[in-house]
Amino acid sequence: MAGAREEKVPHGLLHAFLALVVLYTVYPVLWVITIAFSGKQSLAIADLPAEPGFLDRLRAVTPWPAQWSVANFVSVFGDQPFARWVLNSLVVAVATTLVGVFLSCTAAYAFSRFKFPGRRAGMMAFLVSQMFPGVLTLIPLYIIIVQWLGLGSTRLGLIIVYATTSIPFSVWMLKGYFDTIPRELEEAAIIEGAGPGMIFWRIVLPLALPAIAITALFSFMTAWNEFILAATFMDQEEMYTAPVALRFFVGGFQQQWGYFAAGSIVVSIPVVVLFLYLQKYLVSGLTAGSVKG
Amino acid sequence: MSDAPALRRRFTAGLALAVAAGLGGSWAAMRGEWVNQRDDLALRRGAVTAMALDQLVGRAGGTGEPLRAALAAWQAEQPAGTEARVVRLSGARLEASTAKVDVGDQAAPRRLARSSPEDKVLYDRGQRLRGAVEGNREGGAVKPEVEVERLAGGRMRLAGPLEEDGAVVGLVQVDLAPAPARRPPAPWPMLAVAGGLLVLFWFLAPRLGGRAWAHGLLAGALFLGGLLALGAHDIRRLERDHREAQRELSDHAREVRAGTAKLLAARGLAAAPALDAGRWDVDRMRRPRGLLDERGELDLARAEAEVRKARGDAVGAVVAAALLGLLGLALVGSGLLWRFGRALVVHRQAYRYIAPAMLGTLVLVFFPFIYGIALSFTSSNIYNTSAPLPELWVGLRNYWTILSDFGIARRGADGALIWNYLNFYWTFLFTVIWTVTNVTFGVTFGLLLALVLNTRGLAFRPVYRVLLILPWAMPNYITALIWKGMFHRQFGVVNQVLAMVGIEPISWFDTPFTSFLTAFATNAWLSFPFMMVVSLGALQSIPADLYEAARVDGATRWQQFTAITLPSLKPALVPAVILSVVWTFNMFNIIFLVTGGEPNGATEILITQAYKFAFQKYQYGYAAAYATIIFGILLVYGNVQNRVTRATEGV
């Protein structure tokens, strides 16, 4: 513990510092909640009188709505096609996860269990692909998906792209886990007369379920939060995903901050919860290579 | 492996593959070229007819009875199956027509019926041509001014704008009878050569004994010899056909010119200025191709240049076919393909498991990457994405344009500096400043918070931890939009807070510096938790006895920090810093959504700039070069970073 050196710093001071920082981190979140429940489209928390005093100004920055109302939530789903946009996101993210994780599982299993020519090259290829800059591949992807295949403004186009781009990361995550599953179980199964397909489906997959679940959740979150590709591919309003829709509310000439705030809360809650649950895996995954080296 | 019969079999198979790929490929390319040539000729003949008619219509006044009489006289001279229509846009009138369907109550002149699909197509086409001509006058030739439609039975329909005093007032549309069909080159000579080569090799091979190189040499020589002979023959034929096509075009143009002149004279229409057949042989933008002079005679230099270009293409095709064939021969002959095939069979299970994932990434990750780099050497843009890349090839021009422009700033009339925010080096400089400031802040602040949170016995630690991680958990595009709202000039919270201490509202996005501050505040908010979590994890893994021992030795707290804490943090912090440099360098969402590059692209980082070139200016080739440069910068950075890390680890 590094505690030794802080012993002389009074905890009160530390709490004051932390409280300030927490204010900085939490304020934007409270702000968006306030706007969402204000029932108005305005950016301002409170209307200022013509000659505002200090207290008026303090009121205008205090994240507490003048009047609590769920009108924004009701009308973002009722008057705006937000439900459809969320559905688009959900369909795309779920399909991406299913396709991406399934393909990654089989590939990771082969990389982990079989010896074959091209094994090292294949893993390296997946690793290298993570370094390709997004914008460079975005232009050809746009040409391929939208201009050649005509899949612009379709969920299928996004699913194909998201799923394939998620494969390399997922394969690396899963292969690491498959490597830790003892082979004895499979060998026993072979003696019992099980075929390779059976071993994969009945023994390895169930054992790897925790890792698969985590990979799937990451894959889902990535697809759910993706903005650039979706903004580039989805031209038609009805095919927007949630991120594109949220920008649509406040980008350009529209200034519907109430809809934006309400929508943001609905869209964020699942991922924030997931993230807080998953962050320890993410950190260990990102820095794993370094600690060993 | 090297017994004679096996070698004979293997190399015969290799030769067969080479012959199929090489001779077959070369023949297919030649045939494609031949079809293109015929097509092009038909199109150009059509264009001459249509443009000549366009001129006739113009001289006949473009309207009324004189026009209809002139058109009828024109029709009398045409081969069966040719017909023409003239539409005037004002009033949407079919002014004159010789079409078979335009008789009875459909006869010209009449109003185009909104309810009739055919009429609507005609009217829309006129509008489109007018738009194209006006657009091209302003912004360079990008839209076709001559529309071509293929009709059933090999007929072709061409439409061009009808102009009066420089303004488009209607269109002239001609349907042309199909050109007399020609037999395409037959495959028999190629098949005969191919078969002959194989048979020859099969019978010669036994004389070579067990020497693999001799087999390879013989097969290669036979293949190249056959391909060269066949290629030379095909190319000569192609040249001959091309010259013939040019002559045909010239004959046609002279004929049309004479016919039109006769018509003009017979109807007493203006004969001056003289008809210019050179301006009838045009491309889709109505730009003269320069092959014909005004009397319709061939411009010999130009004609020769066209033939040379066609020959160049054909030679390229033969060379490509030769390389492909030799590659096939080498693969099969050396047994590589065989071994590869065996590996596929032996390890088929592993490959089956991997194939879908590999195929997907090959098509949608690796191919786009390579295609993107290829694009960067072309002038590809939104209008020509269907053209093959070699036609758009510009070499290193994009890179040169981007990298050679050092004009970051110039002096205005009043002596003040005017920055050129679109300049690559400005954007690069801004990106570096952006990355350095953000990462420095993130690391310092994250580490500081981790040290504070790591205090023994601090109350509410888990609560602080969750609250401080919150920014990382939020989707970053939402974060960006929230902060954009908070920096709003009139209603934004930030200006309200400033007003509380008596500061006038600031228009945050009007100057580069304040605009940078908004993006910085946003990115600082969302990026420090990562550093904090990483540092915290590393801090907790430092054994307490180290500090214990240091204290016993009388080390000050600063000494403990620099001698124990920092070195123990290094293995976790270094990769975290590397990661966060790359993330920040490529932090698209924050810049794109918060500042949007305001003002005037001053706060654009490289990656958002590349995006804007691609998807707001539609210069795909230029944007791809930009993105490739970004990739290059990151590669260099990765290399330098690697060396520095290794060097410091060695100490």
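Computed from the coordinates by the stated procedures, all read-outs in this text should not be read as laboratory data. Keep in mind that this is a model prediction, so the values were computed, not measured. Glycine also receives a Cβ, built like all others from the backbone with ideal geometry; neighbour counts cover every protein chain displayed.
From a point 7 Å beyond the Cα of B:Ala229 in the direction of its Cβ, which residues of the stretch B:176-206 have a backbone N at a distance under 14 Å?
B:189-201
Roughly how crowded by other chains is peptide A:220-227, in terms of the mean Cβ count from those chains within 10 Å of each of its Cβ atoms?
3
What is the spread of the Cα atoms of the stretch B:422-617 along each of their three principal axes, largest first, in whole Å?
64, 40, 27
Which one of B:Phe516, A:Trp224, B:Gly166 has its Cα pushed farthest toward the positive end of the charge dipole of the protein assembly as shown, where Lys and Arg give +1 and Asp and Glu give -1 at the Cβ?
A:Trp224
Going by C-beta contacts inside 10 Å, put A:Ile191, A:Ile159 in order with the fewest on the left.
A:Ile191, A:Ile159
Counting other Cβ atoms within 10 Å, which chymotrypsin sites (Phe, Trp or Tyr not before Pro) in the stretch B:565-626 have at most 15 and lie in a DSSP loop? Please list the in-between numbers first.
Values: sites: B:Trp583, B:Phe585, B:Phe588, B:Phe592, B:Tyr611, B:Phe613, B:Phe615, B:Tyr618, B:Tyr620, B:Tyr622, B:Tyr626; in loops: B:Tyr618.
For chymotrypsin sites (Phe, Trp or Tyr not before Pro) across the stretch B:565-626 that sit outside H, G, I, E and B with at most 15 neighbouring Cβ atoms in 10 Å, the list reads B:Tyr618.
With unit charges on the beta carbons (Lys and Arg positive, Asp and Glu negative) and the dipole taken about the Cα centre of the stretch B:422-617, which residue among B:Pro599, B:Val432, B:Met486 sits farthest to the positive side?
B:Met486
For B:Ala330 paired with B:Ala409, estimate the spin-label separation in nm (one decimal), with each label point 7 Å from Cα along the Cα-to-Cβ line.
Reported label-point gap for B:Ala330 and B:Ala409 is 5.5 nm.
Would you work out the relative contact order for the stretch B:422-617, in percent, from Cα pairs under 8 angstrom that are 6 or more residues apart? Write down the numbers at each step before the final one.
On the way: 203 pairs, mean separation 70.6, N = 196.
Rounded, it is 36 percent for the stretch B:422-617.
What is the calculated FRET efficiency for B:Tyr637 to B:Leu417, with r their C-beta to C-beta distance and R₀ = 30 Å, to the nearest 0.05? Before the final figure, lay out each step's value.
On the way: r = 29 Å, r/R0 = 0.98.
In this case the efficiency is close to 0.55.
Summing +1 for each Lys or Arg and -1 for each Asp or Glu, what net charge is found among the other residues whose Cβ lies under 13 Å from the Cβ of B:Ala4? Could you put the intermediate results ahead of the total?
On the way: positive: B:Arg8, B:Arg9, B:Arg10, B:Arg207, B:Arg211; negative: B:Asp3.
After counting each charged neighbour, the total is +4.
Please report the Cα spread of the stretch A:10-69 along all three principal axes, rounded to whole Å, starting with the longest.
For the stretch A:10-69, the Cα extents along the three principal axes come out at 44, 26, 15 Å.
Pairing the Cα long axis of helix B:300-333 with the longest principal axis of chain B, what angle in degrees results, from 0 to 90 and rounded to the nearest 10?
That works out to roughly 60 degrees.
Could you point to the residue in B:Gln609, A:Ile143, B:Gly312 farthest towards the positive end of the protein assembly as shown's charge dipole, with +1 and -1 charges on the Cβ of Lys/Arg and Asp/Glu respectively?
Result: B:Gly312.
For chain B, take the longest principal axis of its alpha carbons; what is the angle in degrees between that and the long axis of helix B:348-361, to the nearest 10 within 0 to 90?
Tilt relative to chain B: about 80 degrees.
Over the whole of A:25-33, what's the average partner chain Cβ count within 10 Å per residue? Rounded to a whole number, please.
Values: counts 12, 4, 4, 13, 8, 0, 5, 7, 0.
Going residue by residue through A:25-33 and averaging, the value is 6.
Over the stretch B:43-134, what is the relative contact order in whole percent, taking alpha-carbon pairs under 8 Å and six or more residues apart? Provide the component values of the computation, followed by the final result.
On the way: 81 pairs, mean separation 16.3, N = 92.
Rounded, it is 18 percent for the stretch B:43-134.
Just the C-alpha atoms of the stretch B:394-462: what Rg/Rh do they give, with Rh taken as the Kirkwood radius?
A ratio of 1.37.
Which whole-angstrom value gives the distance between the alpha carbon centres of the stretch B:543-564 and the stretch B:324-354?
Using only Cα atoms to place each centre, the spacing works out to 62 Å.
Starting from the Kirkwood radius over alpha-carbon pairs of the protein assembly as shown, derive D by Stokes-Einstein at 37 °C in a medium of 0.692 mPa s and give it in µm² s⁻¹.
Numbers: Rh = 34.2 Å.
Rounded, D is 96 µm²/s.
Based on alpha-carbon positions alone, could you give the equivalent ellipsoid semi-axes of the stretch B:80-176 from the gyration tensor, as √(5λ), descending, whole Å? Show your work: numbers first, answer last.
Working: eigenvalues 105, 55, 25 Å².
Largest first, the stretch B:80-176 gives 23, 17, 11 Å.
Where the only charges are on Cβ atoms (+1 Lys, Arg; -1 Asp, Glu), what is the dipole of the stretch B:80-176 about its Cα centre, to the nearest 20 debye? Could you put the intermediate results ahead of the total?
Values: 16 positive and 16 negative charges, 55 e Å.
Computed about the Cα centre, the dipole is about 260 debye.
Treating only the Cβ of Lys, Arg, Asp and Glu as charged (+1, +1, -1, -1), what charge dipole size does chain B show about its Cα centre? Round to the nearest 20 debye.
Working: 67 positive and 51 negative charges, 353 e Å.
Rounded to the nearest 20 debye, it is 1700 debye.
About the Cα centre, and with charges only on the beta carbon of Lys, Arg (+1) and Asp, Glu (-1), how big is the dipole of the protein assembly as shown? Nearest 20 debye, please.
Working: 84 positive and 66 negative charges, 453 e Å.
The calculation lands at about 2180 debye.
Using only alpha carbon pairs under 8 Å that are at least six residues apart, calculate the relative contact order of chain B and give it in whole percent.
Working: 791 pairs, mean separation 92.4, N = 651.
Normalised by residue count, the contact order of chain B is 14 percent.
Taking a threshold of 32 Å on the Cα-Cα distance, which of the pairs B:Lys484/B:Lys617; B:Lys143/B:Lys309; B:Lys484/B:Lys570; B:Lys143/B:Lys612 fall above it? Please report the intermediate quantities before stating the final value.
Details: B:Lys484/B:Lys617 25 Å; B:Lys143/B:Lys309 25 Å; B:Lys484/B:Lys570 35 Å; B:Lys143/B:Lys612 23 Å.
Check vs 32 Å cut-off fails for B:Lys484/B:Lys570.
Could you derive backbone 3J(HN,Hα) for the stretch B:559-573 from the dihedral phi with the Karplus parameters 6.51, -1.76 and 1.60 (θ = phi - 60°), listing whole Hz in sequence and x where the residue is Gly or Pro?
Karplus values, whole Hz, x for Gly and Pro: 4, 4, 5, 6, 8, 10, 4, 4, x, 6, 6, 3, x, 8, 6.
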